[in-house]
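The values are calculated or read from the model by the stated rules, or taken from the named source; none is laboratory data. These numbers come from a predicted model, not from an experiment. Every residue, glycine as well, gets a Cβ built from its backbone with ideal geometry; the counts of neighbours run over all protein chains shown. The accessibility values were calculated without ligands, DNA or RNA, using every heavy atom of the protein model including side chains. Shrake-Rupley method; radii C 1.70, N 1.55, O 1.52, S 1.80 Å.
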Amino acid sequence: MLRRKYRTLTDDLYQTVILSLTILAYVYLLEHLHNFSGDTDNAELNYMTPEKSKLLFDAFPSIYRGRVKLIEESLMSFGFESDDGWFDLIWTLSQKIEDAAKAPGLNPQCDSWPETTQVKEKFGIVRFHLNNHNEVMNDLISEAQEVSAKTCEICGSPGSRVVGRRVKTLCDIHAKEFFL
């Protein structure tokens, strides 16, 4: 009798955890799919505008080839999970990574060409996740992270990290808006 009650409680707990995880995944997907609706007014989502994203995708198609893959293979299908203020930073980093890949004679069509799997903001710093990278590329990403910690995510002006509901890097003007 006690074993049966224990098993029932364990099964109930397991089902509750699975349901909770399913709800969290659903909410996460809804928030990300909201980005594709064209509504760029919601600053909480932190997405680069479709126009700027397209410029990066078109200029560096081999590095961002993951944008057409399934979510299980690459999170680039969500796009750039940062505001427009880091566009120039991401452009420059993309160019430097491409140059670093060409230096040893790699071809953009080869399997060992670098592939970005995710670009996002986390704790006010750019996160640039890359497959097929080397030490030079790691250093370039570290440099970009240092610059991002001093660059407003929204407008690209000099900024600093501020703590509100989230940690973000903002200029004085956007920091005031952030706390409203």
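Using all alpha carbons of the range 118-160, what is the percent of pairwise distances in each 10 Å bin, ordered from the shortest bin to the longest?
29, 51, 18, 1
Based on the Cα atoms of the range 72-180, what semi-axes does the equivalent ellipsoid have, where each is the square root of 5 times one gyration tensor eigenvalue, given in whole Å with the largest first?
On the way: eigenvalues 168, 39, 21 Å².
Listed largest to smallest, the semi-axes of the range 72-180 are 29, 14, 10 Å.
Roughly to the nearest percent, how much of the accessible area of the range 77-176 is carbon and sulfur, given a 1.4 Å probe?
51 percent
Could you calculate the contour length gain from Ser62 to Thr92, that is, 0.36 nm times the residue separation minus the distance between their Cα atoms, to one decimal place in nm?
Values: separation 30, 0.36 × 30 = 10.80 nm, distance 1.54 nm.
Taking Ser62 through Thr92 to full extension adds about 9.3 nm, to one decimal.
Quick query: amide H of Thr151 versus all other amide H atoms, modeled in the peptide plane; which residues come in under 5 Å with a sequence gap of 5 or more or a different chain?
Excluding prolines and chain starts, which carry no amide H, the hits are Gly159.
Whole-Hz Karplus ³J(HN,Hα) for the range 123-133, in order, using 6.51 cos²θ - 1.76 cosθ + 1.60 and θ = phi - 60°, x for Gly and Pro?
6, x, 10, 5, 10, 10, 8, 9, 9, 6, 10
Where does each of 51-64, 116-129 land if you order them by average Cβ count within 10 Å, highest first?
Packing proxy ranking, top to bottom: 116-129, 51-64.
State whether the range 39-135 is rounded, prolate or oblate according to the following rule on the C-alpha gyration tensor (a ≥ b ≥ c being the square roots of its eigenvalues): a/c under 1.5 gives rounded; otherwise a/b larger than b/c gives prolate, and the remaining case gives oblate.
Prolate, because a/c is 1.5 or more and a/b exceeds b/c.
Residues with amide H under 5 Å of Val162's amide H, sequence separation 5 or more or different chain, H placed in the peptide plane at 1.01 Å from N; which?
When sequence neighbours closer than 5 places are left aside, the close amide H contacts are Lys168, Thr169, Leu170.
Please list, in order along the range 139-148, the HN-Hα scalar couplings obtained from phi with the Karplus expression 6.51 cos²θ - 1.76 cosθ + 1.60 (θ = phi - 60°), rounded to whole Hz, x for Gly and Pro.
So the Karplus estimates, Gly and Pro as x, are 5, 4, 5, 4, 4, 5, 5, 5, 5, 5 Hz.
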